[in-house]
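Scroll down for the structure; my scribbles are underneath it.
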Amino acid sequence: MPDEFPAVASSLLIDGKILSHTSLIGPGQANLHPAISDFIHSLPPGEQSRFSGRCAEAALVSDQLWRLDAERSDGASTTLDQAIPHFEGAVITSRAIREPDNPNHGQTIPPCEACRKLLRKLGVQIIE
């Protein structure tokens, strides 16, 4: 599949809402929340991949942290530990995006190791 198409789509059920995102593509760096970037960079190299930080799961969590930051009155950045209560009861699932004739298109796909650790830290249930 051409590189200009995302490889994964994820949906996060949180606070009664379903939010979706695809893996991030294109040049440059993703605008991830600092807590997400710090978490990914703190992992040993063997638990990171060249796509770490560009995953749909990381983008969904990052969007939630940016939202929490916007709701704060102190101007501080939300930490992962502070965000844990926000993710209580949250569920995520991811699907492969492939060419229409590819039998793997739409199949459930597990998160990468970095995202799996991030989601576990936040208490998000992963549906595989």
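Here are a few things to note about the model shown:
- Residues that are within 11 Å of the chain's Cα centre (by Cα) and in a loop (DSSP other than H, G, I, E, B) within the stretch 101-123 comprise Pro111, Cys112, listed in sequence order.
- Criterion (modelled with pLDDT of 95 or more and not aromatic (Phe, Trp, Tyr)) met by exactly one of Ile97, Ile127: Ile127
- Of all residues in the stretch 1-47 being among the charged types (D, E, K, R), out of contact with any helix residue (DSSP H, G or I) (no Cβ under 9 Å at 6 or more places or on another chain) and part of a loop (DSSP other than H, G, I, E, B), the one that is modelled with the lowest pLDDT: Asp3
- Residues that are hydrophobic (A, V, I, L, M, F, W, C) and surrounded by 18 or more Cβ atoms within 10 Å (Cβ to Cβ) within the stretch 31-56 comprise Leu32, Ala35, Ile36, Phe39, Ile40, Cys55, Ala56, listed in sequence order.
- Scan the stretch 96-128 for residues that are farther than 18 Å from Ala35 by Cα, without any contact (Cβ under 8 Å) to a residue 40 or more places away in the chain and touching an Asp or Glu at 6+ places or on another chain (Cβ under 9 Å) and the total you get is 4.
- Qualifying position, being in contact (Cβ under 8 Å) with a residue 40 or more places away in the chain, among the aliphatic types (A, V, I, L, M) and out of contact with any Phe, Trp or Tyr (no Cβ under 8 Å at 6 or more places or on another chain), among Ala76, Ala30, Ala56: Ala56
- Glu88 closer than 23 Å to Leu43 by Cα and modelled with pLDDT of 95 or more: no
- Looking across the stretch 43-72, the residues that are among the polar types (S, T, N, Q) and over 19 Å from Gly123 (Cα atoms) come down to Gln48, Ser49, Ser52.
The values are calculated or read from the model by the stated rules, or taken from the named source; none is laboratory data. Here the structure is a predicted model, which means the values were calculated and not measured. Cβ coordinates were reconstructed from backbone atoms using ideal geometry, including for glycine residues, and neighbour counts include every protein chain displayed.
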